[in-house]
Each structure stands twice: as structure tokens, then as C-alpha cells.
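The values are calculated or read from the model by the stated rules, or taken from the named source; none is laboratory data. This structure is a prediction, so every number in the text was calculated from the model and none was measured. Because the Cβ atoms are built from the backbone with ideal geometry, glycine has one as well, and the counts that use them run over all protein chains shown. Note: accessible area is taken over every heavy atom of the protein model, side chains too, but ligands, DNA and RNA are not part of it. Shrake-Rupley method; radii C 1.70, N 1.55, O 1.52, S 1.80 Å.
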Amino acid sequence: MLATAGRGMSDEAKSRERQTAQEKSDRVIVPSRPGNSGGGKDATPTTRSERALPGHSAGTAVNPRLDRITERARRRPIEKYNNIFHHLDVELMTVAFDELHADRAPGADGVTKDEYAVGLQERLHDVVGRLHSRAFHPLPSRRHMIPKANGKMRPLGIPTLEDKLVQRGVVKVLERIYEEEFHSFSYGFRPGKGCHDALKALSWNIHRGRCGWVVEADIKGFFDHVDHGHLLAMLRHRVSDPAMLWLVEQFLRAGVLVDGKRLDTERGTPQGGVISPLLANIYLHHVLDEWFARAVKPQCRGAAHLVRYADDFVATFEQEHDARRFFAALPGRLGKFGLEVAPEKTRVLRFGRFSRRDAARLDEKAAVFDFLGFQHRCGTSRKGRFKVKWSTAPEKFRAKVLAMKDWIQHNRTLPLAAIWKTVNAKLAGHYAYYSVSDNWPKLLAFRTATMWILYKWLNRRGQRKSFDPSTWIAYVDLMGLASPVRVVAILNAVGP
């Protein structure tokens, strides 16, 4: 009996020890005032001067907290979160800092990641202190224009390194909530999802989802027209923590620097910001995804599917009536939230297993459409069966060739080894994205175009030509110009 009692007391003691350890762990996780055992969203961060700043191992402490948010979001899909701001502490900011890219352009203050890393411990404690006292105010984003494939310019907003850091911390918390809410047909800027996954899903919808019609749509200037009021109202569906809502609004209204002058941002969320992709997904989740899943699809007579990557999306329908009804309703739906379609890029297409036959019968040209940089067209496999064919969209191909030409032209005076290394890296990046089924000819065409662009501009390094065509081809073989080696099979037999 004594032995049994001893074992029982030992188990009870162990239980108390585990409970005490858990309570200590929770007090570390939740920031609290020094000398105060309480905590919560209004508490200030704990002073940690007696502890060293956690390094790369901080993720081991952060991940369990974030995992609990994920589990709660999964079990309680309609519950609001009123106490998540406290997760923005030094441990989380350490992980967020590690995840920032060191080679990105600096913001308005010119501070790079390497420069910010000097005295990192003091910097992180300072920014967390300003966050929890609501003394943090993001700086305006630096406006930078980049060319689009159609020759127009796209504005990018580049935040400061510290603003990127805080945005990354906010994303790490909020995405744990919304990843459990987003629909499976949303692929843009989500963990574990990418462009090729979206292409595979669209392929499955066309091949095995009973597709006869496609609605190709484009939202005009989406990132510039996001309505702040609507976005904050959408956030309040799941987030009621006033501090977190305050911080998101701070980033939305931070403004942008254009030619040294600050301009207010009453609408939109700047492309280039770390938080912008998540906010865009939240906005379109409510505007488009939920509407399609709850209102459009249940009323369709035949099969209907949607694939969205950020603000690019394609809807497939079995019945023409369903496609045209969606096409007609789309402008009104977007208009309720301050968005509009680009008429020249929004259309209904006959596309699917029998589209080429029907187009020939009606004396029409077989339809093609572009999605995520690829042109989609109806074709046949080697066995004569229906198959979607993919190739680099002509507009994208021209833009990529022009970008390669511009780089080689402006850097032709560099040492040949440096030019060759960079060009091969650019080619490898191009192949990594565009190496998909049926696109092999376009990959070789891009390599060939690059080879002769190099020939033209390397021959202009001096007054005498360095190569003639025959010696140039031998030189290319000697130096080794990168070639595509494999393709990604887009046709997914299993399904999205």
C-alpha cells in the first residue's frame, strides 16, 4: 500500500509540476507589465534586459503559439479574435526579421537589412515597445515604377525595412486565421501554393470538370482601388482586436512618396508591401470567392469552377447560360466594393472538349486565353484525345526578351564571366517558371533569342567585332549557355 501511495503522490506531484511549467510558459508568451502577473492586449511588453535576444531558434517558441491560432480557427470558424496583438513581441519579430530578403530595395529611409541588423536587439525591443504603446507610425512607401508586359508602367510601393518587419509579423499572425477561411481555389501568395498549382487546378477543371465555356476576367487597377472602409469592415468579421485593426489602418494610410513629396493613400494597398498580398486575398475572398461559392455556383445548371491567383481569375462553366449570367453579374458585384472590370480583357469564350469542332461548324476562330503568363488553347494529345496546350503568352514572351536585351545592353562592359553568370541565372529563373507541358519550343526560342542578343551587344564592346556567327556558336558551347532540362506536368490526373 505504501508503494502504491508513493506512486500516486509521485504522479500528482508530476502533474503539478507540469501545470506550473505551463503557467510559466504562458506568462512568457503573453506580454505583461513588469511586476504584474496579468496580461492581455493592452499590456506593455516585458522588459527583457536580463535575457539575451533569441536568435534563429526563436521560431521554436513562436510556432506553437501560431499553431494554437490555426487550431482555434479550424475548430471555431466564425469566432472573432479580440486578443492577438500581444503576439507581436520580440520573439515573433526575430523570426520575421530572419524571413526578410536581404537583397530587396530599401524604402524611403534607405536602410537595408544588413544595416538594420547592427544593434538588432535594441532595435527590436524599441519597435515592439512603440507598437504596444501605439507610438509606431509607418513611413510613406517609396514609389517605384516598373514596366508591364503591355508597355505600360506599374507603380510599386516600397516600405522601409522596419515597416516590412512589422508587416511580416502581422502577416504571420493573421494568415493563421485566414488560411483556415480561404477557399481552396484561391492560390495567390499563400503558403504551400503557387502559380503552377493554380494552372494545374484550371487544367483539371477544363479536362475533367465538364467545361464548355470560360469567363476570362481582369480587374482594372485592383491594388489601387481597394476601399479601406470595406477592407477594415471585412477584417472585423474575424478580428475585433482594436490594436491589430489600428495597426493595419496605419499601414493603409501611410501614404506614398512621389518625387520627394508625400501623397495620402485614401484608397488602395501598394504593391510591394509585405502585407498587401494578404489584404488583397482577404478583400477578394469576400468580394469574389464567397460570392461565387455561395451565390453563383449553387444556381448554375451545370458544373462551375473558379481559379483565382491574387487579382487574376478564370471561371469555367459547363453551360453557356451559366457563363453569360456570371459575366453579366460580375461588374455589378465588383462595383459594390469600388472595383471594376477591364472591358478589353473580360470576355466569354467557347472553350473545352468540343470547342474546336463547334468553332469550325460556326465558322469561328478557336478561342485562346491568357492566364498567369501562359496562353491556353485547345489541342489534342499524341493519342488524339482532347488536351489543353500551354505556351508562353506572346505579350509575356516579348516583354521577357526585351528585359533580357535591356540588361545585356546596359551591362555589356562587365567582365565576360560576370555577364555569363548573370545571364545564366536569368535563364534558369525563366525556365523554372515557364518549363511546363507543351512549352518546350518557347523555352528554346527564348534561349536562342538570348544567345543572339549576347552576340549583338558583346560585339559592340569595342571597335572591332569579337565574334562572327560560327565562332560565336562555338564560344557559346564552350561557355555553356543554360538550357531547359525538364518540364512540370500541368495536366493533373488526380485533381486540384
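Quick notes on this structure:
- Only residues that are buried (at least 20 other Cβ atoms within 10 Å of the Cβ) and closer than 29 Å to S184 by Cα were counted across region 246-259, and they come to 4.
- Only listed residue being more than 23 Å from K152 (Cβ to Cβ) and outside any loop (DSSP other than H, G, I, E, B), chosen from A366, A425, A403: A425
- Criterion violated by W213 - all others in (1) open to solvent by 10 Å² or more (accessible area, probe 1.4 Å); (2) touching a strand residue (DSSP E or B) at 6+ places or on another chain (Cβ under 8 Å); (3) of a type in the set (A, V, I, L, M, F, W, C); (4) farther than 23 Å from A329 by Cβ satisfied: (4)
- Residues of region 453-461 include none that is assigned to a loop (DSSP other than H, G, I, E, B), in contact with a helix residue (DSSP H, G or I) (Cβ under 8 Å, 6 or more places away or on another chain) and either more than 30 Å from L202 (Cβ to Cβ) or open to solvent by less than 50 Å² (accessible area, probe 1.4 Å) (or both).
- Near pairs, Cβ below 8 angstrom, 6+ apart or cross-chain, from region 483-496 (within 24 Å of T448 (Cβ to Cβ) and open to solvent by 30 Å² or more (accessible area, probe 1.4 Å)) to any residue that is of a type in the set (D, E) and at pLDDT below 85: none
- Pairs where the first residue, in region 343-366, is farther than 26 Å from I219 by Cα and modelled with pLDDT of 90 or more and the second is open to solvent by less than 90 Å² (accessible area, probe 1.4 Å) and part of a loop (DSSP other than H, G, I, E, B), C-beta under 9 Å, 6+ apart: none
- Matching helices (runs of 4 or more DSSP H) fully within region 142-257 where at least 2 residues are out of contact with any Cys (no Cβ under 8 Å at 6 or more places or on another chain) and free of Cβ contacts under 8 Å to residues at least 12 places away in the same chain: 228-235
- Subset of region 334-358 [more than 26 Å from M234 (Cα to Cα), open to solvent by 20 Å² or more (accessible area, probe 1.4 Å) and aromatic (F, W, Y)]: F354
- Test: residue in region 382-398 that is in a helix (DSSP H, G or I) and either closer than 13 Å to I206 by Cα or of a type in the set (K, R) (or both): yes
- With respect to the stated conditions, R262 is in a strand (DSSP E or B) and either surrounded by fewer than 20 Cβ atoms within 10 Å (Cβ to Cβ) or without any contact (Cβ under 8 Å) to a residue 40 or more places away in the chain (or both).
- Residue, nearest to L174 (Cα to Cα), within region 86-99, restricted to residues that are open to solvent by less than 20 Å² (accessible area, probe 1.4 Å) and either part of a loop (DSSP other than H, G, I, E, B) or charged (D, E, K, R) (or both): L88
- Some residue of region 388-410 being of a type in the set (G, A, S), closer than 29 Å to R308 by Cβ and over 31 Å from the mean Cα position of the chain (by Cα): no
- Going through (1) free of Cβ contacts under 8 Å to residues at least 40 places away in the same chain; (2) open to solvent by less than 30 Å² (accessible area, probe 1.4 Å); (3) touching a His at 6+ places or on another chain (Cβ under 9 Å) one by one, K297 falls short only on (2).
- The set of residues in region 301-332 that are without any contact (Cβ under 8 Å) to a residue 24 or more places away in the chain and either hydrophobic (A, V, I, L, M, F, W, C) or in contact with a Phe, Trp or Tyr (Cβ under 8 Å, 6 or more places away or on another chain) (or both) comprises A304, A328.
- A single entry from H137, H87 fulfils the requirement of being closer than 25 Å to S240 by Cβ, in contact with a Lys or Arg (Cβ under 8 Å, 6 or more places away or on another chain) and touching a residue at least 24 places away in the same chain (Cβ under 8 Å): H87.
- Any hit, region 399-415, residues being surrounded by 13 or more Cβ atoms within 10 Å (Cβ to Cβ), more than 20 Å from P484 (Cα to Cα) and among the acidic types (D, E): no
- Residue in region 315-333 that is in contact with a Gly (Cβ under 9 Å, 6 or more places away or on another chain), of a type in the set (S, T, Y), open to solvent by less than 80 Å² (accessible area, probe 1.4 Å) and farther than 30 Å from Y455 by Cα present: yes
- Options L199, L231: the member that is open to solvent by less than 10 Å² (accessible area, probe 1.4 Å) and more than 22 Å from H286 (Cα to Cα): L199
- Qualifying residue in region 217-225 (condition: in contact with a helix residue (DSSP H, G or I) (Cβ under 7 Å, 6 or more places away or on another chain) and more than 26 Å from K345 (Cβ to Cβ)): no
- Extreme residue, surrounded by the most Cβ atoms within 10 Å (Cβ to Cβ), among residues of region 105-122 that are touching a residue at least 24 places away in the same chain (Cβ under 8 Å) and not in a helix (DSSP H, G or I): G107
- Hits in region 417-452 (condition: open to solvent by 40 Å² or more (accessible area, probe 1.4 Å) and in contact (Cβ under 8 Å) with a residue 60 or more places away in the chain): Y433
- From N281, N205, residue being touching a His at 6+ places or on another chain (Cβ under 7 Å) and surrounded by 22 or more Cβ atoms within 10 Å (Cβ to Cβ): N205
- Residue in region 266-273 that is touching an Asp or Glu at 6+ places or on another chain (Cβ under 6 Å) and either buried (at least 20 other Cβ atoms within 10 Å of the Cβ) or not basic (K, R) (or both) present: yes
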